[in-house]
Every structure is written in C-alpha cells, then in structure tokens.
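See below for the structure under consideration.
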Protein chains: 2
Amino acid sequence: MVTRVYGQFCGLARAMEMIGERWTLLIVRNLLIGPKRYTDLRTGLPDIPTNILSTRLKQLEQCGLAVRRALPYPERAVVYELTEYGRDIEPALIELGRWGARTLTEPRSGEVVTAESLAMSLRTTFRPDGALGPDFGCEVRVAGVIVHADLADAVLTTCPGPHPGPDLIIESRTATALRDLVRDGRWPEDALADGSLHVEGERTLLERFTMMFRL
Amino acid sequence: MVTRVYGQFCGLARAMEMIGERWTLLIVRNLLIGPKRYTDLRTGLPDIPTNILSTRLKQLEQCGLAVRRALPYPERAVVYELTEYGRDIEPALIELGRWGARTLTEPRSGEVVTAESLAMSLRTTFRPDGALGPDFGCEVRVAGVIVHADLADAVLTTCPGPHPGPDLIIESRTATALRDLVRDGRWPEDALADGSLHVEGERTLLERFTMMFRL
DNA sequence: CCGAATCCTGGTAGATACTG
DNA sequence: CAGTATCTACCAGGATTCGG
C-alpha cells in the first residue's frame with residue numbers, strides 16, 4: 001500500500017512513508033483522542049475530501065496503525081481506532097505540534113478550532129512538573145467548542161465534550177485569548193476585564209491551570 | 001508559499017503545512033547534520049527529482065526554516081542552512097525517526113544507507129544516561145558509508161566522513177548488523193564471528209558504544 | 001442516515017533534458 | 001555547480017452517487 005517510497009533504509013524515511021501524506025497525521029491526531037466513526041472524523045476534519053479520508057483509513061489499516069472495528073449489536077456502527085503502534089506516535093506528534101505552535105499567531109481567515117485540536121493542544125502544553133497538587137477536573141470552551149480535562153494522580157486525560165462536574169470552567173471567546181493564557185503564564189487581567197476570557201471556579205485553580213499548561 | 005492549508009488553528013496543522021510535503025522532512029534531516037550545497041543535498045537524497053529539491057528549498061526559505069547563503073570569495077559556492085527555528089524541529093524529527101525505526105526490519109530492494117541517515121540514526125539512538133565516562137571519538141562505517149561521532153562532556157556530535165583520530169572503529173558489512181547491535185545491546189559474538197561486524201579499538205569502548213546507542 | 005465508491009478536474013510529483 | 005524547462009503520470013479536491 002506504500003506506493004511512494006524514499007529508497008532509504010532509515011527510520012525517518014519509513015515514518016514519512018506511513019504518515020507523510022496529506023491529512024494522515026491529522027487523522028491520527030483525532031484518533032489519538034479516542035476511537036472515532038467515519039462521520040466523527042469528517043466533522044473533526046471539516047475540509048477533508050471524503051475519498052481522501054477513505055483512502056487514508058485504508059492505508060492506516062494496512063500499515064498497522066489503525067483497525068476498523070464493527071461495534072457489537074445494539075450499536076451497529078463502525079469505529080476506527082489506533083493500534084498500540086499507532087498510539088506510540090503520540091510523543092512525535094506532540095513535539096511536532098509544539099514546534100508548529102510557535103507560528104500560531106493569528107487565526108487565518110476561515111480557520112476553525114476543533115474539539116480534537118483543542119484537546120490535543122492541552123496535552124501538548126501539559127507540564128507534569130506544574131501539575132503537582134490535588135486532582136481536579138476542568139472544562140475548556142473556545143469559540144463554542146467544548147472539551148474537558150482531568151488531572152488524576154498527576155496524569156492528564158483530555159476528551160471532547162463537557163465535564164460532568166468541573167471544578168473549573170474556562171471560557172474563551174477567541175482561540176488567541178486561551179493561547180495567550182498558556183503562552184504568557186501571567187494573570188490574565190486584561191482578558192478577564194474585557195470579557196474575552198470568562199472563568200468559573202476558585203481563583204487558585206485558575207492559577208494551577210496556568211502552571212499546568214504552558215506553551 | 002503555503003498553498004495547501006488545513007483550515008485549522010492548530011500547531012500540528014501549521015507544522016504539517018510547513019514540513020508535511022513529500023521530501024521536505026528528509027531535506028531538513030540532512031540540513032540538521034550541517035549546512036549543505038545543492039549538490040550535497042542531491043547526493044544525500046539520491047531519489048529526489050531536482051525540480052522538487054529546488055521547490056522545497058524555496059518553500060523552506062519562505063517558511064523561515066532555512067536560508068540560502070552565498071559563501072564569501074574564495075569558495076564561491078551556495079549553501080543552505082537551517083535557521084534557529086529550523087533547527088528546533090530536531091526533537092520532533094528524532095521522535096519520528098525512533099518511531100519509524102520500529103518497522104525497519106530488512107532493507108527493501110534498492111534501499112541505500114546514506115551518511116546523513118546514519119549520522120541521524122546515531123543521534124536518534126543516543127542515550128545520555130548511557131554516555132557516562134570519559135570522552136572518546138569513534139568512526140562508524142556501514143556498507144561503504146562513513147560517519148564519525150564524538151562524545152565530549154556527555155554531549156554527542158555526529159558528522160559524515162572519517163574521524164581524524166578515532167578511539168574506536170566499527171565497520172558493518174550490512175545496515176542490519178549495526179541495527180542489531182544497537183537494538184539487542186548484547187555482545188555481538190555472532191556478528192563478529194561471521195565477519196558482518198568488524199571492530200578496531202579497545203573492547204571496553206565497544207561495550208560503552210552498545211550502552212550509549214540503544215534503539 | 002451512515003459509510004463509503006465513482007467520476008472528473010486540476011495540481012503536484014517524477015523523470016529527463018537542458019542552461020547560465 | 002546550481003539550478004530551470006518540459007512532459008507524463010499520479011494524486012488531491014470537489015461533486016455526485018450508491019449500497020446497507
């Protein structure tokens with residue numbers, strides 16, 4: 001299935017043959033958040049052509065990064081999920097995302113924030129050394145997109161969707177307001193004052209949030 | 001210059017727009033080894049079409065990852081070198097290479113080992129915690145390709161070409177013999193016996209080598 | 001409605017030839 | 001040495017269609 005090759009006996013060349021084609025790594029990113037149905041992937045990647053998604057999923061299967069699984073009876077749906085090998089690419093993906101985020105200045109016209117990109121950016125900016133302290137759960141809303149994160153025993157989990165019982169809610173009118181929060185790490189007075197950032201929960205939790213997530 | 005976009009305000013999407021096209025990341029890998037002339041890049045990437053190399057170099061310049069520099073008088077040559085931002089991608093590239101190396105079983109027909117892929121694989125497999133002890137320099141030869149590595153103050157540097165005064169020389173007839181050495185980490189009796197591996201230098205240095213480099 | 005396959009168009013990669 | 005030019009083949013993008 002790998003038709004285009006690089007002709008080098010090299011780990012990086014092999015990696016690029018598997019995940020180097022357009023859209024592939026974004027599909028993997030969304031599958032890293034959790035198993036997804038075909039339609040979930042389409043809504044999570046609004047601009048992907050359906051035939052490309054179909055082709056990429058087959059390639060990911062063939063390379064052993066993902067499996068196609070039919071859910072048992074009552075569900076009767078198809079989900080795609082990563083294999084262990086597929087999940088093992090997460091550190092590389094995190095590093096790439098961290099590097100690419102350095103040029104994330106302003107959203108370009110038409111650019112959106114998706115639940116998966118937001119959830120992954122929380123994982124990307126997570127600093128274990130800033131996560132000391134008691135467990136807590138928070139919900140993050142950016143431009144209508146909602147994800148939640150849980151800190152349990154200094155381990156972070158992130159998922160799309162609202163939090164059942166959040167200790168902290170951070171709502172950001174724009175993507176840049178949240179990015180500035182995790183980039184600058186200082187008390188977001190201006191953003192809170194002008195309403196671009198809205199917070200519910202204890203003040204100390206917002207401080208912990210700014211320690212835990214840092215770009 | 002980034003014509004094809006993903007429409008997401010996301011660090012990973014930005015990264016893929018910059019380095020996601022075919023050949024780009026392999027060019028970056030070779031430039032991470034050191035500044036290179038156009039012809040050096042061609043010989044280091046034997047299968048790249050020359051027009052693609054030309055296009056990619058312009059894109060890398062435009063994205064701020066590389067600069068084109070005309071050497072001063074006596075040389076009168078052009079070199080391409082990474083900017084600081086370009087060099088900062090190395091951790092992501094290392095992670096990708098490490099992940100891809102898991103499927104490096106046998107070389108496929110026609111696949112070659114290049115000096116840059118070999119040098120980068122030494123950086124990829126380098127373990128700082130296995131590098132304790134006095135400095136030493138070594139030369140690694142695989143299937144006619146020669147690179148050298150220097151350990152100085154527990155910091156590794158790797159370059160193509162022979163070592164001026166190596167403490168250790170490891171010569172491998174095939175790429176797999178060297179890979180097995182850094183993968184298995186055990187004493188390579190079989191390889192030494194059947195001649196697929198040849199070593200010059202103190203025995204203890206070969207042991208240190210197998211501690212320093214581990215896949 | 002979900003999960004695709006098919007068709008068409010245009011752009012990009014690959015191969016080779018050529019040039020300042 | 002350091003590219004450009006040209007041609008072909010293939011892949012991505014977009015729309016539509018199709019089967020369960």
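If you go through region B:153-187 and keep only what is open to solvent by 40 Å² or more (accessible area, probe 1.4 Å) and within 19 Å of residue B:33 (Cα to Cα), you end up with B:154, B:155, B:157, B:159, B:160, B:162, B:164.
You will find that of A:53, A:57, A:41, the residue that is near DNA strand C (Cβ under 10 Å from one of its atoms), in contact (Cβ under 8 Å) with a residue 24 or more places away in the chain and more than 22 Å from residue A:111 (Cα to Cα) is A:57 and no other. Here residue B:23 fulfils each of the conditions (1) within 14 Å of another protein chain (Cβ to nearest Cβ); (2) within 16 Å of DNA strand C (Cβ to nearest atom); (3) open to solvent by 50 Å² or more (accessible area, probe 1.4 Å) apart from (3). Screening residue B:74 with (1) over 28 Å from residue A:95 (Cα atoms); (2) within 11 Å of DNA strand D (Cβ to nearest atom) gives one miss only, at (2). The residue that is farthest from the chain's Cα centre (by Cα), among those in region A:108-119 that are facing chain B (nearest Cβ under 7 Å) and closer than 19 Å to residue A:161 by Cβ, is A:112.
Pick from B:190, B:150: which is at pLDDT below 95 and either open to solvent by less than 60 Å² (accessible area, probe 1.4 Å) or over 17 Å from residue B:113 (Cα atoms) (or both)? Please lay out each step first, then the result.
Numbers: B:150 fails: at pLDDT below 95.
Checking each option against the conditions leaves just B:190.
Annotation: of all residues in region A:28-70 being touching a Lys or Arg at 6+ places or on another chain (Cβ under 9 Å) and open to solvent by 50 Å² or more (accessible area, probe 1.4 Å), the one that is modelled with the lowest pLDDT is A:70. Check off (1) away from every other protein chain (no Cβ under 13 Å); (2) free of Cβ contacts under 8 Å to residues at least 40 places away in the same chain; (3) not small (Gly, Ala, Ser) for residue A:6 and give me the number that stays unchecked. Of everything listed in (1) away from every other protein chain (no Cβ under 13 Å); (2) free of Cβ contacts under 8 Å to residues at least 40 places away in the same chain; (3) not small (Gly, Ala, Ser), residue A:6 misses just condition (1). Within region B:113-142, being in a helix (DSSP H, G or I) and touching a helix residue (DSSP H, G or I) at 6+ places or on another chain (Cβ under 8 Å) holds for B:115, B:116, B:117, B:119, B:120, B:121, B:123, B:124, B:125, B:130. I'd like to know if region A:91-100 contains one or more residues that are away from DNA strand D (no atom under 16 Å from the Cβ), surrounded by fewer than 18 Cβ atoms within 10 Å (Cβ to Cβ) and either polar (S, T, N, Q) or modelled with pLDDT of 95 or more (or both). Looking through region A:91-100, at least one residue is away from DNA strand D (no atom under 16 Å from the Cβ), surrounded by fewer than 18 Cβ atoms within 10 Å (Cβ to Cβ) and either polar (S, T, N, Q) or modelled with pLDDT of 95 or more (or both).
Residues satisfying the criterion are present in region A:69-89 (criterion: free of Cβ contacts under 8 Å to residues at least 12 places away in the same chain, over 21 Å from residue B:11 (Cβ atoms) and of a type in the set (Gly, Ala, Ser)).
The values are calculated or read from the model by the stated rules, or taken from the named source; none is laboratory data. The structure displayed is predicted, hence computed values, not measured ones. Quick reminder, even Gly has a Cβ in these numbers, built from the backbone with ideal geometry, and neighbours come from all protein chains shown. Remember, those area values only see protein heavy atoms, side chains included, never the ligands or the DNA or RNA. Shrake-Rupley method; radii C 1.70, N 1.55, O 1.52, S 1.80 Å.
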